[in-house]
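The values are calculated or read from the model by the stated rules, or taken from the named source; none is laboratory data. Just so you know, these numbers come straight off a predicted model, no measurement behind them. Accessible surface is based on the protein model in full, side chains and every heavy atom, while ligands, DNA and RNA are left aside. Shrake-Rupley method; radii C 1.70, N 1.55, O 1.52, S 1.80 Å.
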Amino acid sequence: MTNETATGRERNSGAAGGAHEARTAPGPGAHGDRPAPVPGAQDGRPATASAARERVRRLLDGHPGAPLQPRVVNDVLLVTSELVTNALRHGGGIAAFHAELDGGTVRISVTDRSTAPPSSAPRRDVTTPGGFGWPLVRRLSRSVTITPTRDGKTVEAVLLLTHDGV
């Protein structure tokens, strides 16, 4: 099995612990023509949620089952946006970003510079902005892992690439 990655640095990994060939995602694909450079990238890290979504969209375009169901693509892009936005807004910025296809799943990892875990306070007033992203990430993801790092944390979300009918 080949892991396809969308990151500034390539990483070989796998559930079975075996070596996998890592490669960057192809350019244009099933979701339309995309410009070659990823907008807003700095040192391999997307500078904006939009740039991260673009990178992940390219990765999804390279999936052997592409084009994927629109709902699946939208869910993956929404989780990507929320993880990156949370890192930028609450985590002191993005220290690392990684996305990879692994069989029937996609893994999105965002490392930020805050040791505080993500949280969402109970909502009393729906007109107050914010507070919806973290519950969405948890609901849409098959699994979410928070791993402390020396200077912050990595939040990894794993999403299925098939729609389960729910």
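Computed over protein heavy atoms with a 1.4 Å probe, the carbon and sulfur contribution to the accessible area of segment 70-160 reaches 52%.
If the chain linking ALA66 and LEU78 were pulled fully straight, counting 0.36 nm for each residue of separation and taking away their Cα-Cα distance, it would gain 2.5 nm. Taking amide H as placed 1.01 Å from N in the peptide plane, ALA96 has its amide H under 5 Å from the amide H of THR111, each at least 5 places away in sequence or on another chain. In a fully extended conformation the segment linking THR127 and THR147 would gain 4.0 nm over its present Cα-Cα distance, using 0.36 nm per residue. Extension gain, LEU136 to SER119, is 5.0 nm, computed as 0.36 nm per intervening residue step minus the present C-alpha separation.
3J(HN,Hα) along segment 110-118: 10, 9, 10, 10, 10, 7, 5, x, x Hz, from the Karplus curve 6.51 cos²θ - 1.76 cosθ + 1.60 with θ = phi - 60°, whole Hz, x for Gly and Pro.
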